[in-house]
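Let me begin by presenting the structure, written as structure tokens, before commenting on it.
The values are calculated or read from the model by the stated rules, or taken from the named source; none is laboratory data. Remember, it's a predicted structure, so these values are computed and weren't measured experimentally. Cβ atoms come from the backbone with ideal geometry, glycine included; neighbour counts cover every protein chain shown. Side chains are part of the model used for accessible areas, which takes the heavy atoms of the whole protein and leaves out ligands, DNA and RNA. Shrake-Rupley method; radii C 1.70, N 1.55, O 1.52, S 1.80 Å.
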Amino acid sequence: MKRQALLLLAIVLLGLNLRPALAAIGPLLDRIQRDTGLDHVAASLLTSVPVVIMGLGALACGPLRRRLGDNGGILLGVLLIALASLLRGVLPEASTLLVSAVLAGAGIAFVQALLPGLIKSRFAADSGRLIGFYSCAIMAGAAFGAAFTPWLAQSLGWAWALAGWTLPALLAAAVWRRAAPSAGASAVASASAPPLVTWRWPRAWLLMSFFGIGTAGYTLVLAWLPPYYTALGWSAQASGLLLAALTLCEVVAGLLLSSLLPRFPDRRPLLAAVLLSLLAGLIGLQLAPETLVVPVALLLGVGIGGLFPLSLVVAQDHLDDPRQTGDLLAFVQGGGYLIAACAPLLAGLLRHYSTDLSLSWQLMALATLVLMVMAVRFSPPRQQRPLDALTD
């Protein structure tokens, strides 16, 4: 029982370390640009590059699992996050920041690609809810990154404030080494089920597109909401607190939704609620960003906070075998993060030529309408071909 509790603690700590490397950048972006000379497009790469690497790393998780195993791959991932954070303090230059973005993206990718399959194998009876809680830990890490980093930067400078996230990553690595299940226990369960050939399954592409477009809203807000408000005259601390408050709403929404999952085997009512909330928040962000700042933060938080875990849960609902679920989630996250990486980069391009982010919010609102149409197809019972038809 103690071992199980320690494993749950390790999963939470790992989740908490998967977003500060991204979320800490936004509130300090203006200061980083001023000190390093990065323009808007190059600055957007500090968020886009990790997300691209997250996607590529997830797609490559099969060879990683075979070479290092789940335990070793996850440990390597969190150590890469620690190294990326440390580099930002030691060498606070434009080129080093981009290198750290690559390292952080790779580390995040390894953990995200391998951990859900391990959760499925170790907690099969309640994997949906635990993946939901793990997703909430990820969003909580983003809240901590956005809230605390600007305050640390006041006394330490932005470089060492970013480097401060080395310590939580090392703590997670230490706890994971103690808690990681043995190779036999962590091996994905069904040896009889062959690997999943995801690219031959149309539903896998639908799930990947849904996750990618939904996560694009998350990365867009994460990267450009603080600069949007600093352009309106807010301070870095105030915009960071706004992002943290929004992310706190995401965590609360994710926790509430995760607790409701057993009551909704048909996920579509929950999807409809969170997508409507996201759409309303994006509209408010364009019409009256300062007057409606509180409802905008609440609506965006509920929408993003519910959509992220639901996207993963809907994907893992499709299969029972842990190894095949891991293959599917790796494909969904891999391609999905590549799609999501386009959002902050596109917003950076739009800001470079128009100095305004309103068009970015409008495009995301249109994408949310597309998600609503896609969500209609996620009806129970599972719509899938037989497993042997999906494999080599």
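Would region 231-254 turn up any residue that is without any contact (Cβ under 8 Å) to a residue 24 or more places away in the chain, under 22 Å from Ala24 (Cβ atoms) and of a type in the set (Phe, Trp, Tyr)? Looking through region 231-254, at least one residue is without any contact (Cβ under 8 Å) to a residue 24 or more places away in the chain, under 22 Å from Ala24 (Cβ atoms) and of a type in the set (Phe, Trp, Tyr). All of (1) basic (Lys, Arg); (2) farther than 22 Å from Gln237 by Cα; (3) surrounded by fewer than 20 Cβ atoms within 10 Å (Cβ to Cβ) hold for Arg31 with one exception: (2). The set of residues from region 83-133 being outside any helix (DSSP H, G or I) and either in contact with a Ser or Thr (Cβ under 7 Å, 6 or more places away or on another chain) or not aliphatic (A, V, I, L, M) (or both) comprises Pro92, Glu93, Phe123.
Residues checked against (1) touching a residue at least 12 places away in the same chain (Cβ under 8 Å); (2) β-branched (Val, Ile, Thr); (3) farther than 27 Å from Ala43 by Cβ:
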position: Thr96; (1), (2), (3): no, yes, no
position: Gly105; (1), (2), (3): yes, no, no
position: Leu118; (1), (2), (3): yes, no, yes
position: Asp126; (1), (2), (3): no, no, yes
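Residues in region 35-42: is at least one surrounded by 22 or more Cβ atoms within 10 Å (Cβ to Cβ) and either modelled with pLDDT under 90 or not small (Gly, Ala, Ser) (or both)? There is no residue in region 35-42 that is surrounded by 22 or more Cβ atoms within 10 Å (Cβ to Cβ) and either modelled with pLDDT under 90 or not small (Gly, Ala, Ser) (or both). Looking only at region 58-80, decide whether some residue is in contact with a Leu (Cβ under 6 Å, 6 or more places away or on another chain), closer than 23 Å to Ser95 by Cβ, open to solvent by 10 Å² or more (accessible area, probe 1.4 Å) and not in a loop (DSSP other than H, G, I, E, B). Yes, the conditions are met somewhere in region 58-80. Taken over region 96-115, the criterion of being at pLDDT below 90 and open to solvent by 20 Å² or more (accessible area, probe 1.4 Å) is satisfied by Phe110 alone.
Within region 161-178, residues that are within 20 Å of Ile32 (Cβ to Cβ) reach partners that are basic (Lys, Arg) and surrounded by 21 or more Cβ atoms within 10 Å (Cβ to Cβ) with beta carbons closer than 7 Å, at six or more positions or on different chains, in the pairs Leu162/Arg88; Ala163/Arg88. Please verify whether region 165-182 includes one or more residues that are modelled with pLDDT under 90, buried (at least 19 other Cβ atoms within 10 Å of the Cβ) and at negative phi. Checking region 165-182: at least one residue is modelled with pLDDT under 90, buried (at least 19 other Cβ atoms within 10 Å of the Cβ) and at negative phi. List the number of the failed condition for Pro269; all other conditions in (1) closer than 22 Å to Pro27 by Cα; (2) part of a helix (DSSP H, G or I); (3) not small (Gly, Ala, Ser) hold. Unmet for Pro269, out of (1) closer than 22 Å to Pro27 by Cα; (2) part of a helix (DSSP H, G or I); (3) not small (Gly, Ala, Ser): (1).
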